[in-house]
Each structure stands twice: as C-alpha cells, then as structure tokens.
Amino acid sequence: MEKTISVTVNGRVQRKTVPIRMLLVDFLRDELGLTGTHVGCTYEGRCGACTVVLDGNATKSCMVLAVQADGHRVVTVEGLEEFANAPGELHPIQNGFWERHGLQCGYCTPGMMMTIFDILATNVREGSPELTDEAIRQSLVGNICRCTGYSHIVEAVQSAAAQLRGMDPEERAAWFDTAKLEGTRS
Amino acid sequence: MTTINAESEALAVSWVGRPIKRKEDLRLIRGRGQYLADIKLPGMVHAFFVRSKHAHARLKSVDVSRALSVPGVVAAYSGADLLKLGMRELLIPELVNELPGTLRLPPSWPLAVDKVVFHGEPIAVILAETKYVLEDAAELVVIDYEPLPVITSVEQAMADDSPRVYESWPDNVIYREKMGGDATDAFAKADIIITERFEVPRTGASPMECRGVLTQWDDHSGLTHWTTTQRPHLLRQAISQVLDWPEQMVRVIAPKDQGGSFGTKAPHSREDFILALVARDIMRPVRWVESREESFRAGVGQERAQIHEIQIAARSDGKILALRDRCITDIGHGQQPVFMGVMYPRAGCFMITSFYDIPQAEIEIVCVVTNKPCLTPSRAFGSFPVRLAMDGAINRLARELDLDPLEVVRKNLVTVFPYVTATGNFLDSGDFVGGFDKLVETIDVASVRELQAKLREQGRFIGLGFGGETERSGVSSKAYVPRQRKPGYGVATVKVLNSGKIHVLVGDPPSGQSHETVISQVLADEFGVTPDDVRLDYGDTLSTPYGMGNVGNRMASYTVSAAVLAARELKKKIGLVAAHDLGIDASPDEFTFENGEIVWVKDREIRTQLRAVAVHLIECPIQLPQGTEPGLEHTAYFEPQNVPNMTGASFHCAVVEVMPETGVIKILRYVVVDDCGTPINPLVVEGQVQGGVVMGIGNTVFEEYVYNERGELQNTTLEGYMMPCAADVPHVETYDHSVPTPNNPLGTKGKGEGAPAPVSGALVNAVEDALRPFGVSITTLPLKPERVRAAIAAVVSPEAEAEPADWVEPIVREFAGEGEGYDVLAEMYRFYDGIQISLQPTWHPYVGQIRGWLRDFGQMLDRAAASPAVVDVLAQMFNGEREFAFQSDLDPGLAAQWDRLRNLPRPDGGHAYLDYILPALDSHEMLLVACSNVPFEGETK
C-alpha cells in the first residue's frame, strides 16, 4: 500500500509516493539520496546515527514512518550549512566538531550533530548559559559513538556553544531558525 | 574552497607534530561521506540471508521455491544451488596459518550445505528489487532441521563424554600449543607463588557501521567488489583462490569511508564469497547491508573470551622470576579463514609479559570449538584478557607480600633495549620506567592514598589500580611470512603531479584513523608543501600497491615510513634535475624543499619551483640530464632493518569509588601515559587513546555477549549489549611520554590498536584496592554491580550462597526542604535505588530498556529535587489535584520557563508545564511495568 506525502526537508518541499511501511530514514536515504543520515543499530532506536530534527526536535528517523512526517519539517545533516549566510561557511556545530576532532570514522557524527542542534537551540533560546560537561554528556545518552570515547565530542559541543556566545542574540538564533531555511528557497 | 588549517600555512615549520584539523572531516561533517550503504549502482538488487534458527542441526532439506513467488524477488539460492555454481570451502591451505601447535581444520562452507554449527549461520540467500520485500520472502523459505546437541561452554566442550561439534573429530579441541620454555627451576627457587584463575567473557569491538558488500560481474572487468574491509588486497586474493577465478579478474574496493572497523573487518567474510557467486550468476549488481542483529549473531566483534590459569613465581621483595599460564578459549565454530579464532589467544599470550622483565614463561594454549559464532578480531587482538591475568596477578602478588603494587610493577620493568621476552616478543625501544614514573606523578598517588584513608573512615571506598601494555607497532615480513605467508612491509606509491601537487596511493584503507591527515602532514614536510597539496587514495586493488591490511598499528610505523622513503627517492631525482636546470654543480642532497620551491642550501638565492621540475620530468621530457628517465612517481617498500617490529607502550591508572551497598562503580579519574614514538598529529593520537580506553571501559564494566544453553545470543541489540554512551564514561586524561624508535625514518609508532587492553587490569585492580578492607578478589568481567556485590558477599559472608538476604539500609538523601512533596520524592528515590540494586541479573530481555528508563528516571528526579517549586507540584499531583499551581517565588529561575510551557497549546487541552515531572512519572510507570513482569498493553502472555 502506498501513499503520497509531502515533507519539507532542509527547506525544500519533497512530494513522493512511498510504501506506507517505509521508515523516514529510508525515505531520506533512498528516496531523496540524503545519505548523510546513517543507520547503526538497524531500527532499534538506540544508536542515534539516524537522528534528524523533526519540527525542531531531535528525532530518530528509524523510529518514524515516512508517512508520519507528511506535512512536517525535517532538517538533516545536509541542511546544517543551509543556515549559513555565505556559501562554504559551516554551522558552529560543524566547526566545533572539526576544531576539536569530534569525529573519527564519522558514522555517528551526523546523528550526534543533529542531537546537538536540538540541545544548542534550547541553550540559545534560554540565553546561552554555560553548559557543564556533565549536562552535555547527559543530553547525548541517545547517541552512541564507538571511536572517540566522547571527550572530544563534549569539547566540540563546548566549542560550538562558545562560538554562539560570541555572537549577538539575533545572529545566534539565526543558526537554528528553520523558517529562515525555507525563506531562502522561496 | 575551504582550506585546511589556513591559519597555520604562514608558519614555515614542520607539519609533523602539530595538532592540525583533519582533512577527512570536511566531507563527513557535511553528510557527504561515502560509506558502503551510500553507494548505488544501476540495476542493483538487494540481498538477504536466511540464517539458522538452530545452533547445531543437520539440514534435511532447504526449499527456496516459495520465496521466488513473492513479487519483486529475483532469485533465491540454497547451499546446494551454490555448489552447482562452484562454491568451495573457505579453509583452503592458502587461508590457514602455519602455526607451531597442532591445528585441526573444520569444514567451512560459505553457505550451509548439510549442517549448521551456529545460530545465525547463513542457509539461503534471496535477491530482490527492493529491500522491503526481502523479509517477506525470507519467511517463505522452508528449512527442515534435525536438531543436534548444542555445546556452549569450555566445560561442556572439554568433557570426556561431550558431543562433538564436528563428528569426525576425536574431541572438540581445535588447537593446542606450548609457548615459551620450562619454568620448573624458577618456580622451585621462588619465595612465593601466586595462583589465580581469570575468566573474561565474550565482548569486543563492534563498530557503528555493520558490514556490507556491493558486487557485480561483467565479462570485461570481471568482479568489481566493494566491501567493508581492512584488507582489500588479501580479500582479492582469497576470492580468486577460493572461487578459482583468475586473480586479474577480481577487483576489490574498500569504500572511501568506513564506519569503524577495529579488527572486525579484517577477516574474509563468508558473505563476500556467496555474493560474488550469485552476482556472477544473475549478472546484476548485488548489495547486502548487514543489520545490527545479523552482525551480532554472526559474531562480528566478539573476541576476548579467554580463561587464564596463571601462576607467578617471585622473590619476597616482589621481583618476578617466572610465570606459568594455561589459556583456554572457546573460539566458537572456528571456520573463519586466516584467524580461525585461535590467533587471538595466541597473540595475547605471546605478549603476556609486556614490559615486565620476566625471564621465564611456560604457557599452554588450548582452544576448543563450540556451537557459537567464531571469534573475530577486536582492537587489542587477544591482549585484553591477558592484561587482566598479568596485571591482576601482579596485584595479587603485591597484596600477598604486603607491598605497594606500584612498587612491585616498577621493580619488574624492562630497562634495557632491545629486549626479547621469554615468549620471544621483541621490544625495540622505549622508556618504561620514565613513562611509569610520569603516570605515578600525574596521578599524585600520595594524595589519592590520603583521600582513600580519610574516606574509609567515613565508610566510603575509593581505590587506585594500574594496568599497562606494550604493543607491537606492525610486524615485519620476518614474522608474518612463516605464519601467514603474507608480507609485513609497508608500501606506498607517491606521485608528484605536473602541478607540483602530491598524490599518494596506499593499499590499506582506513576506517577513522586519520590516514589522509597524517600522510599529508608527513609528505607536506618532505616536499615543502602544505597538507592541502597532498592527496591520499587507498583501498582499491586496481590502483593501489599490494598491502597486507590496515591492521595492528601499521599505518604510522610502516605505511608512513614507506611514503617517506618513496618521497625521498623522488626528491633525489628532483634534486638532480633541479641542479641541471639551474645550471649548477650541486648534488641532489644539497636542496631543501620549502613553500613549493627547491632551494640550494649553498646559495639560497638559487632556487626553482617544484612545479617547474615536475613539468620538465612529466610533460616536457626533453633535455633531461644524461640517463634520467621521465616521470615522477615511485613505489617504496619499508621493512625495519634487523628488528621484527617496533614497540609502543602505555601505562594506565584508574581511580574508582565503589559503593558496596549497590556494587556500583564510579570512575573518578582515568589517566594514560603513552609512548607512540614521534607523534605525527597529537590530536589524532589523543583521540585514538581516549576512544580505545572507553572501548576498554565498555568491555570491562558493561558489555558481554550472553548465550543461552541453546546457543542463541540473548542480547542482539546495542541496548541489550550495553555499549556505553557519553554519560556512562569519564573523561580520559592522556599524556605523552614518547620515545622515537630508531628503526624507521621518522621514529613513529602506531597507536590505534592496543588502548583497550590495559583497562581490564587497571579497573579491576582499582576496585580490589577500593575494597581492600573487605579483601575482595575479582576474577571475571564485566564489573556489573551484582558481580561486585557477590564478590563482597563471598568474603563477608562466605557461608551465604549468593546475595546476603539482609535488608540493605536505603541511602538517605538530604533534600533542600521537607514536607509532603519531599516525602513523595524520597519514595521515588527509594524505588530508584531498589531497581538499581536489583537490576543486575546476568541478563534480562528488557535490561537495556530498563536501564534507559532508570537513567531517565534518575535524571528527572535530580532535576525535580533541585527545585522546591517542582517538588511542590509533585505533591499536588500525588494528592490527585487537577490543577497545579507553580510557586514562582520558590524558584524564580524556572518561573519564566514554566510560564512559557504553560502557554503552549496541547492537544489534550492541558499545559506543557509538566515537562519536569511527567517524564519521571512515565519512567516510574515503565519501571513498575517492567519489574512486575506485567505484560504491556496489547501484549499477550
């Protein structure tokens, strides 16, 4: 059985007819070719490599059917740099991971970054208070990394948070404003 | 284009030794990596394996015909079908090690033919247009099994009347070896002999990306085979040998990006051979992407699993004279080509004495087959359990002699290099005493001891433990050829392009170890360019030189050295042509390479562009110096002269607190001092060490592959296996005490392999030290709370059979206030503690989920307890009130957020203001459901 759905992915409206049993992660990877979103635990909901931001919330895309995303907004790792003002400019989260060696094999990284997108969006909304390493570790419990041992990931988040704190509030919020993403496409 | 480390370019200093940002990251953080599952080919079909539901059974019949009737299914094959296509056994002589002990060869069909020997063994393979129909079709394959007795433990396998895994064998022993010499004399002279039995279960290194294959045949190219592998060149050879296809008609490609390997992608997988056969049969590209459950059931990343009956003989001052060890391993079915499961205990035992000067060793290795998947390599390759045995035994020795364990360790360190151990392991260089002293100084042992004494008075128990290892940084041909008929050399092809840019080709593909960055730093120095000017390609047998694999710390020591040798050979030619072009009488070694130029050291004004020389040699090869061939590329091979390997070392120290009431362990500090020779990129080295240690912590504290008596893996999920997350592990402090090796051009040693190994000893020794007042001995892993409690109970109340039945006094928490809300909170905390205490049966189907809820519950309770206003709401809710008032004055910090949440519309007409409390209640409810064993709603018993 199939259904035609319309999902806004990284600011673009994507209209496709898909089997109703298709998972959102397969929709992103196989239908849209957005292979930055990965599968690590194979639909168990544990590893977090498939994390995307669905309507502003970090969501494991293997735990959602594509048809459930009908009419909703999804941001994937490929969307991160769409928030930038100039081509080639990276999102502070991407910069943080690069600066602090927050990845080795890179397989868990897209999911990690999308979880952190949610964490930092909340942090920015709350006025960018300092985050403790412990709090960062606690908010990453849904994502597993087998390479880094996590310390460099925690440092990557701290680096991204510090970059954001160095900006004025409007500029800071713009890095998480999904409406802006759609605006640039219209 | 974004350049790498543009800010550093201005500095005309060495790139080696600098913590520059990685070159591979830019594509990965943008979601543009190319992992196996990201590659598609036109006309590609998907493959699915139907796997055995029995751990040991005869196959009476396998019928795939009904699966073919499912729309979208293209083909389906049983083992009998593949025999007709030319399937042969995997363990051909070329794929079996030549070992000094006695080895038996099991039958080894890629796809099961007449019987299965483990749960999850592939029996049929189905191909379909889309992956979603594959599982439908798999249900329709009819397999008639005749179950046979299942063997799942060493004890069963070695019992006299045990059934056999392989009926024609006289027993279940696959391998026996005696290693080292005779230690009888030393034992006779000893003042003290320590005897202990350590048992480490199956754990290992499962990477985040499971395996996968994409393969196609065409009559011109032959087989083009993308696969997750650390050894594409050896796999190419193996496919050619096993399937009897001409080697030149097989091309193996490792994807540009691989999501971790840690050894698990070093063996040749049976799936590679099956899929190559069927792709050639249907003449369409076939892709298989392994699921996590398949990966776990196939035994990918299952290693460790050794029993050590160890004895050490020592003088009363702590000097060790000799060791004896009997190492027994349940290797599973043993059909894995090359490694066969027997290589890990062998390699571990070979390095058992690590940096200790122990003159005599007498070791017996026994490997038995069982109905489990075969052990596969996991980072640290056999050493993880061995380190527990060795470092644990030394800890016992110190305890018996009433000496400080650190003093005993220091007394036994090797001080003279090179050194050959009693098992024949070669240590080429190092400064073990210096590294060890740096560790002791960093951890500040005196203050830890002081704090330990103080806390003990308060009924709290902290402890300190040491572990460490030496690791071989690659192994040379001298050692590999006799055992594996494989070369040990490092090899690299370096090309200077017309544009003056550098292109490097190596055979061995990385999977996260930063090869692109590291090679680029090294060659940027050699050619006086920037890392941006250097490009690395790897892992394609068509274009790269034959390499034995990205394994065993080979990159930084062997491959890098080969690249340096190749570069230096080219520099000679460049110098020759530069002198000729500049019209000076200069020898090639009188030039330095700086900022893309070639500068004459005798007169720095005389210089030319690297690009100009490259163009002359490659594009315009006229008027070259007499006898100079055109072209500017060279392939170099590196073998260290006169030594079988180079030696890295690391020294670990853990400080832990143990809660005797619950058995919970908290790691307060974890410090590592490392020798990796010349560090090429210190940030990368730090990442390797931190990641390796955390893997070791996972293996020591949380992880275990649990099999039931039917040989079925019980925890086939990451959650059930308890792979640690960020909140489970501490920050690992890393320090460098590097001694460059004299045996290669840059003094480099590898650092990817060994880091997990010393963790087992360091943590176990720390726990024993913490519980010294009880006199507890820990001899098995993982260090789950119930195991720690059982170990305490065994010494405190040895007459009790298991857990003491006594009621454990609940932990009393102090809250910021009191009243009804706090009573509710205290009740919830008590419930939390109760679960924490009771939640460690060896394994339970919901243990992962319960652990997750418990973690959420604990976090939410802590958040609630921190806010009097939230506690107040909690009281209102428990009293059944419908409307909740938030007392802003109690918690002004939360008030704004509370109001914001209050105003969010909710579908249930309520408010979102319970975000702080509802999750706690949800977790509470989940826990109640799970723990009371009540079926979930809709679930039938």
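Here are some notes:
- The charge dipole of chain B, taken about the Cα centre with unit charges on the Cβ atoms of Lys, Arg (+1) and Asp, Glu (-1), comes to about 2340 debye, rounded to the nearest 20.
- Fewest-first sequence of B:594, A:78 by Cβ atoms within 10 Å of each Cβ: B:594, A:78
- Extended-chain gain in nm, criterion 0.36 nm per residue less alpha-carbon gap, residue B:885 and residue B:326: 194.4 nm
- Per-residue average of Cβ from other chains inside 10 Å of B:414-425: 0
- Extension gain from residue B:176 to residue B:450, taking 0.36 nm per residue of separation minus the Cα-Cα distance: 93.8 nm
- Partners for residue A:180 among lysines (Cα-Cα distance below 16 Å; same-chain residues under 8 apart left out): none
- Neighbour cut-off at most 16 other Cβ (10 Å), DSSP loop, trypsin sites (Lys or Arg not before Pro), segment B:160-205: B:164
- Each of residue B:855 and residue A:72 was given a label point 7 Å from its Cα along the Cα-to-Cβ line. The distance between the two points is 2.3 nm.
- Fully extending the segment from residue B:65 to residue B:44 would add 5.4 nm, taking 0.36 nm per residue of separation and subtracting the current Cα-Cα distance.
- Applying a threshold of 30 Å to the alpha-carbon distances of A:16/B:40; B:189/B:454; B:23/B:571 flags B:189/B:454 as lying beyond it.
- Nearby lysines by direct alpha-carbon distance to residue B:572 (threshold 16 angstrom, same-chain neighbours under 8 apart not counted): B:495
- Take the Cβ atoms of residue B:862 and residue B:74, set R0 to 51 Å, and the FRET efficiency comes out at 0.40.
- Span from the segment B:515-566 Cα centroid across to the segment B:133-204 one, whole angstrom: 40 Å
- Karplus-derived HN-Hα couplings along segment B:108-115 (A = 6.51, B = -1.76, C = 1.60, θ = phi - 60°), whole Hz, x at Gly and Pro: 8, 7, x, 10, 3, 10, 10, 8
- Annotation: the antiparallel percentage among DSSP beta bridges lying fully within the protein assembly as shown is about 80.
- For segment B:663-680, backbone phi angles converted through the Karplus equation (6.51, -1.76, 1.60; θ = phi - 60°) give residue-by-residue couplings of x, 7, 10, 10, 7, 7, 8, 9, 10, 10, 10, 10, 10, 10, x, 5, x, 7 Hz, Gly and Pro being listed as x.
- Estimated 222 nm signal from helices in chain B, with DSSP H stretches of n ≥ 4 weighted -39500 (n - 2.57), rounded to 500: -9500 deg cm²/dmol
- Straight Cα distances below 30 angstrom link residue B:372 to the lysines B:53, B:60, B:84, B:115, B:131, B:178, B:265, B:486, B:784, B:941, with same-chain residues fewer than 8 positions distant left out.
- A Förster radius of 25 Å combined with the Cβ-Cβ distance from residue B:316 to residue B:195 puts the calculated FRET efficiency at roughly 0.90.
- The residue B:710 and residue B:132 beta-carbon pair, evaluated with R₀ = 35 Å, returns a calculated FRET efficiency of approximately 0.70.
- Put a dot 7 Å past the Cα of residue B:812, heading toward its Cβ, do the same for residue B:477, and the two dots end up 7.4 nm apart.
- Of the residues A:62, A:41, A:108, the one that moves most in a GNM of chain A with alpha-carbon contacts below 10 Å is A:41.
- Phi angles across segment B:356-373 convert, under the Karplus curve 6.51 cos²θ - 1.76 cosθ + 1.60 with θ = phi - 60°, into 3J(HN,Hα) values of 8, 8, 10, x, 10, 9, 9, 10, 10, 10, 10, 10, 10, 8, 9, 8, 10, x Hz, Gly and Pro given as x.
- Among the chymotrypsin sites (Phe, Trp or Tyr not before Pro) within segment B:326-427, not one is in coil by DSSP while having at most 10 neighbouring Cβ atoms inside 10 Å.
Read the figures in this text as sums done on the coordinates, not as results from a lab. Computed from a predicted structure; not experimentally measured. Cβ coordinates were reconstructed from backbone atoms using ideal geometry, including for glycine residues, and neighbour counts include every protein chain displayed.
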